[in-house]
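Right, one structure below, let's go through it.
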Amino acid sequence: MPELQRLRADHAPAVLAFELANRAYFAAFISDRGDAYFEHFTERFDALLAEQEAGICAFYVLVAADGSVLGRFNLVDIDDGTAILGYRVAQHVAGRGVATATVRELSRLAASRHGVRTLRAAVAETNVASRKVLTKAGFVLTGPADPADIGGQPGSWFELVLA
């Protein structure tokens, strides 16, 4: 049974393997991270851990029994009871309810561990699967998103009130 775990330093190799294995799949829905992301992965990963330690963000990974990462689920810009949700799941588990179940679990943790009362998520219009995940997890459409919020693509904001 997969387990949602708070991001730790020892997750780095599995996170990198996850990102590399799914790079082309993710690029079909969201902007590609670019070669520089992978060339400087260690520095970026360490920066994420520092942001998490400072309480600015909370990063989680969905870990399979074998230690591989099945998904990344993030709470970013945690401030004044609000956070932005971001997530991505591996291609081989997409469409199986993994993202929806984990978004629901993270929503509960956002409230109980991080004091978040409102979650927001920006999704590209073309990312139909992600829009379904948010809707199934209880998010409601709140309006258009600036294309700059979604890698230059037109999209929408969704919101979930937790409190």
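The values are calculated or read from the model by the stated rules, or taken from the named source; none is laboratory data. Please read all numbers here as calculations on a predicted model, not as lab measurements. Don't worry about glycine lacking a Cβ; one is built from the backbone with ideal geometry, like all the others, and counts go over all protein chains shown.
Results for (1) among the acidic types (D, E); (2) within 16 Å of the chain's Cα centre (by Cα), shown as yes or no for each residue.
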{"site": "V15", "(1), (2)": "no, yes"}
{"site": "D32", "(1), (2)": "yes, yes"}
{"site": "F41", "(1), (2)": "no, no"}
{"site": "F45", "(1), (2)": "no, yes"}
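Please specify each residue of segment 35-49 satisfying the condition of being surrounded by 11 or more Cβ atoms within 10 Å (Cβ to Cβ) and of a type outside the set (K, R).
Of everything in segment 35-49, those that are surrounded by 11 or more Cβ atoms within 10 Å (Cβ to Cβ) and of a type outside the set (K, R) turn out to be Y37, F38, H40, F41, F45, D46, A47, L48, L49.
For segment 1-34, residues that are within 23 Å of N127 (Cα to Cα), surrounded by fewer than 12 Cβ atoms within 10 Å (Cβ to Cβ) and not aliphatic (A, V, I, L, M) total 1. Restricting attention to segment 107-158, the residues that are assigned to a strand (DSSP E or B), in contact (Cβ under 8 Å) with a residue 24 or more places away in the chain and over 23 Å from Q52 (Cβ atoms) add up to 6. Counting only helices (runs of 4 or more DSSP H) wholly contained in segment 1-104, the ones carrying 1 or more residues that are modelled with pLDDT under 95, over 23 Å from L134 (Cβ atoms) and among the acidic types (D, E) occupy 35-39.
For every residue, the table says whether it meets (1) loosely packed, with under 14 Cβ neighbours inside 10 Å; (2) over 14 Å from the mean Cα position of the chain (by Cα).
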{"position": "V76", "(1), (2)": "no, no"}
{"position": "D79", "(1), (2)": "yes, yes"}
{"position": "A83", "(1), (2)": "no, no"}
{"position": "A90", "(1), (2)": "no, no"}
{"position": "V98", "(1), (2)": "no, no"}
{"position": "R104", "(1), (2)": "no, no"}
{"position": "R113", "(1), (2)": "yes, yes"}
{"position": "T118", "(1), (2)": "no, yes"}
{"position": "T126", "(1), (2)": "no, yes"}
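Within segment 90-104, residues that are free of Cβ contacts under 8 Å to residues at least 24 places away in the same chain reach partners that are among the aliphatic types (A, V, I, L, M) and buried (at least 16 other Cβ atoms within 10 Å of the Cβ) with beta carbons closer than 8 Å, at six or more positions or on different chains, in the pairs V93/L70.
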